[in-house]
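A.B. asks: Below is one structure. I have some questions about it.
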Amino acid sequence: MFTVWRSVYEKAIKEIIKFNKERDWDQFHSPENLAKSIAIEAGELLECFQWDNNYNKEAVCEELADVVNYCILMADKLNVNLEEIVLNKLEKNRQKYPVEKSKGSSKKYNEL
């Protein structure tokens, strides 16, 4: 299962980068501009849930894709390995939120 996921993931990353390079948009993608775009798209994602729990799944997926796309472009711009940074952060979170203290709790790590 993970092998299939990895190939889909790698293809998606390559396609996102290719799409932007074909349009010569890299010139506009400074880390600052990409960070702004991530925040803007995250706001648009949040807007899908603004007034009630009824949401349009298609709209949510579109905005979620925009957030992920900009995150991928940021990682590419900074020349960082997404898998590596995600796994490193997950390990830090494991240390901050040990299962025996955090399971079923929404408390922040310094309140456990």
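Each value in this text was obtained by applying a stated rule to the coordinates, not by laboratory testing. For clarity, every value in this text was computed on a predicted model and none was experimentally measured. We place every Cβ from the backbone using ideal geometry, glycine too, and count neighbours over all the protein chains shown.
A.B. asks: Does the range 64-79 contain at least one residue that is under 20 Å from LYS21 (Cβ atoms), outside any helix (DSSP H, G or I) and out of contact with any strand residue (DSSP E or B) (no Cβ under 7 Å at 6 or more places or on another chain)?
C.D. replies: Taking every residue of the range 64-79 in turn, at least one turns out to be under 20 Å from LYS21 (Cβ atoms), outside any helix (DSSP H, G or I) and out of contact with any strand residue (DSSP E or B) (no Cβ under 7 Å at 6 or more places or on another chain).
A.B. asks: If you don't mind, another one. Which residue pairs have Cβ atoms under 8 Å apart, sit 6 or more places apart or on different chains, and have a first residue in the range 85-107 that is assigned to a helix (DSSP H, G or I) and a second that is hydroxyl-bearing (Ser, Thr, Tyr) and surrounded by 11 or more Cβ atoms within 10 Å (Cβ to Cβ)?
C.D. replies: LYS96/TYR109; SER102/TYR109
A.B. asks: Then there's this: Which ones in the range 1-56 are among the aromatic types (Phe, Trp, Tyr), part of a helix (DSSP H, G or I) and loosely packed, with under 12 Cβ neighbours inside 10 Å?
C.D. replies: Correct list: PHE2, TRP5, PHE28.
A.B. asks: Anything in the range 60-80 that is among the small types (Gly, Ala, Ser) and surrounded by 15 or more Cβ atoms within 10 Å (Cβ to Cβ)? List them, or say none.
C.D. replies: Residue satisfying the conditions is ALA75 alone.
Let's see how each residue does on (1) under 18 Å from the mean Cα position of the chain (by Cα); (2) in contact (Cβ under 8 Å) with a residue 24 or more places away in the chain:
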{"position": "ASN20", "(1), (2)": "yes, yes"}
{"position": "SER30", "(1), (2)": "yes, yes"}
{"position": "ASN33", "(1), (2)": "yes, no"}
{"position": "ALA42", "(1), (2)": "yes, yes"}
{"position": "ASN53", "(1), (2)": "no, no"}
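A.B. asks: Applying the selection to the range 46-69, what residues are aliphatic (A, V, I, L, M) and farther than 19 Å from LEU34 by Cβ?
C.D. replies: Passing the criteria: ALA59, VAL60.
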